[in-house]
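Novice: Pasting in a structure now, in structure tokens, and then I'll have a few things to ask.
The values are calculated or read from the model by the stated rules, or taken from the named source; none is laboratory data. Owing to the predicted nature of the structure, the values given are computational and were not obtained by experimental measurement. Neighbour counts are summed over all protein chains in view; Cβ atoms, including those assigned to glycine, are modelled from backbone coordinates with ideal geometry. Protein only, heavy atoms only, side chains kept; ligands, DNA and RNA dropped before computing areas. Shrake-Rupley method; radii C 1.70, N 1.55, O 1.52, S 1.80 Å.
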Amino acid sequence: LEILFIVHGDVRTDNFPIQVTKFGRGIELDQMISSFYRKCGGGGQGDESQELVAYYLLKQVDTTTAQNVYTYFITDEAACDVLDPEAVKQHLGLPFDSELTQTTEVFAGLQRRGKVFTVLCETNNQDYDPDKIRRRWEANVGKNNIMPLSDARRVVDAILYSIAKLTGQTAQFTQNFVTRQQGSQYTAQNLATVQKSVALIGDNLPATPPVTSKKPLI
């Protein structure tokens, strides 16, 4: 198992809109995830620069040696619908591919490489239209690949449960989850929250592409 962390904000408002680690495993992940600069400003427009993260993943991250690729966008906002060529050059340092102007086209490319999901957390911003945000994500990843989550503290659990569901290990996940909760009075409630979030995962997903290369992940 190898994990790549990317932290993002919004190129229109944040000083550090996109931060990327390398692939890591085991205890080195603790150092990676604690290395991010976290005091970024917020936008409040209802969308942010997740389309640039998707573009970076599509153009810069080689997963051809991986047997299973899972990508999770964790957010409470939508991605912008169109890529900004100048933002691609300035913040990613990459040339802009004129054939990938629409965000839906970038996500379609990611989905040909593996499984792409959105963990869509609830927000306290009264200016957001949650139904509109969800519809925009449906256009990018599909209705059955969205994981609505009412308790952001359960993000990791929801991701783990989705993988367990895709690999036929839900019983093992449930046993491990109950053990980790250590008899908390909220165990049943927390488990129900996770199960509700992942209810649609596994329906109509494309098969994982075959391995075609032996190059290391970058």
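Novice: Calculate what fraction, in whole %, of the accessible area of the stretch 1-86 sits on carbon and sulfur atoms when a 1.4 Å probe is rolled over the protein chains. Intermediate results must be reported in sequence, preceding the final value.
Specialist: Working: 2230 of 4560 Å².
The computed percentage sits at 49.
Novice: Over the stretch 132-203, consider all pairs of different Cα atoms and compute the Kirkwood hydrodynamic radius from their mean reciprocal separation; express it in Å, one decimal.
Specialist: Values: mean 1/r = 0.0782 Å⁻¹.
So the Kirkwood estimate lands at 12.8 Å.
Novice: Taking only the Cα atoms of the stretch 83-149, how large is their convex hull per residue, in Å³? Before the final figure, lay out each step's value.
Specialist: Details: hull volume 7.8 nm³, N = 67.
Taking only Cα atoms, the stretch 83-149 has a hull volume of 117 Å³ per residue.
Novice: Further question on the same structure: Return one number: the angle in degrees, 0 to 90 and rounded to the nearest 10, between the long axis of the Cα atoms of helix 50-60 and the longest principal axis of the Cα atoms of the chain.
Specialist: 80
Novice: I need to check one value: relative contact order of the chain, counting alpha carbon pairs closer than 8 Å and at least 6 residues apart, in percent. Provide the component values of the computation, followed by the final result.
Specialist: On the way: 319 pairs, mean separation 47.3, N = 218.
Relative CO of the chain lands at 22 percent.
Novice: Among the listed pairs Lys59/Lys115; Lys22/Lys59; Lys143/Lys196; Lys59/Lys132, which have their C-alpha atoms separated by more than 20 angstrom in this model?
Specialist: Numbers: Lys59/Lys115 17 Å; Lys22/Lys59 15 Å; Lys143/Lys196 14 Å; Lys59/Lys132 28 Å.
Over 20 Å apart, Cα to Cα: Lys59/Lys132.
Novice: Next up: With the crude spin-label approximation of a point 7 Å out along Cα→Cβ, what separation in nm comes out for Val156 versus Gln45?
Specialist: The modelled label-to-label distance comes out at 3.3 nm.
Novice: Just to verify a number: what accessible area does Val141 come out at with the full protein assembly present, 1.4 Å probe, Å² rounded to tens?
Specialist: Estimated to the nearest 10 Å², Val141 gives 10 Å².
Novice: Leaving ligands, DNA and RNA out of it, rank Lys196, Lys22, Lys165, Lys132 by accessible area with a 1.4 Å probe, largest first.
Specialist: Values: Lys196 160, Lys22 135, Lys165 70, Lys132 105 Å².
Accessible-area ranking of Lys196, Lys22, Lys165, Lys132, largest first: Lys196, Lys22, Lys132, Lys165.
Novice: For the stretch 1-53, state which GluC sites (Glu not before Pro) are in a DSSP loop and have at most 14 other beta carbons lying within 10 Å of their beta carbon. Display every interim value, and only then the final one.
Specialist: On the way: sites: Glu2, Glu28, Glu48, Glu51; in loops: Glu2.
For GluC sites (Glu not before Pro) across the stretch 1-53 that sit outside H, G, I, E and B with at most 14 neighbouring Cβ atoms in 10 Å, the list reads Glu2.
Novice: Sticking with this one: Given a 1.4 Å probe, how much area per residue of the chain is accessible, in Å²?
Specialist: On the way: 12370 Å² over 218 residues.
It amounts to 57 Å² per residue over the chain.
Novice: What FRET efficiency, computed as 1/(1 + (r/R0)^6) with R0 = 45 Å and r the Cβ-Cβ distance, is obtained for Gln182 and Ala108, rounded to the nearest 0.05? Numbers along the way, then the final one.
Specialist: Values: r = 43 Å, r/R0 = 0.95.
In this case the efficiency is close to 0.60.
Novice: Can you give the FRET efficiency for Ala192 and Gln172, using 1/(1 + (r/R0)^6), R0 = 22 Å, r = Cβ-Cβ distance, to the nearest 0.05?
Specialist: Numbers: r = 18 Å, r/R0 = 0.83.
In this case the efficiency is close to 0.75.
Novice: Here's something else I'd like to know. Would you list, by chain and number, the aspartates and glutamates whose Cα falls below 18 Å from the Cα of Lys89, excluding same-chain residues fewer than 8 positions away?
Specialist: Asp10, Asp14, Glu48, Glu51, Asp81, Asp97, Glu99
Novice: Based on the inverse mean of 1/r over its pairs of different Cα atoms, what is the Kirkwood hydrodynamic radius of the stretch 1-100, in Å?
Specialist: Details: mean 1/r = 0.0683 Å⁻¹.
Averaging 1/r across every pair of different Cα atoms and inverting gives 14.6 Å.
Novice: Using Cα-Cα distances under 8 Å and only pairs 6 or more residues apart, what relative contact order does the stretch 57-141 have, in percent? Mind dumping the intermediate values first?
Specialist: Values: 80 pairs, mean separation 35.5, N = 85.
Rounded, it is 42 percent for the stretch 57-141.
Novice: Could you work out how far helix 187-197 tilts from the main Cα principal axis of the chain, as a 0 to 90 degree angle to the nearest 10?
Specialist: Orientation of helix 187-197: about 40 degrees from the principal axis.
Novice: Sequence-distant or interchain residues sharing an amide H contact under 5 Å with Thr71, placed H: which?
Specialist: Lys115, Val116, Phe117
Novice: Can I ask one more? Compute the long axis of helix 155-166 from its Cα atoms, compare it with the longest principal axis of the Cα atoms of the chain, and write down the angle in degrees, 0 to 90, nearest 10.
Specialist: Computed tilt is about 80 degrees.
Novice: Rounded to a whole number, what % of the accessible area of the stretch 92-139 do carbon and sulfur atoms account for, probe 1.4 Å? Mind dumping the intermediate values first?
Specialist: Details: 1130 of 2720 Å².
With neighbouring chains kept in place, the figure for the stretch 92-139 is 42 percent.
Novice: Go through (i) 55, 40, 31; (ii) 52, 48, 36; (iii) 74, 41, 29 and flag the label whose value is the computed Cα extents along the principal axes in Å for this structure.
Specialist: Step by step, Cα extents along the principal axes in Å for this structure corresponds to label (ii).
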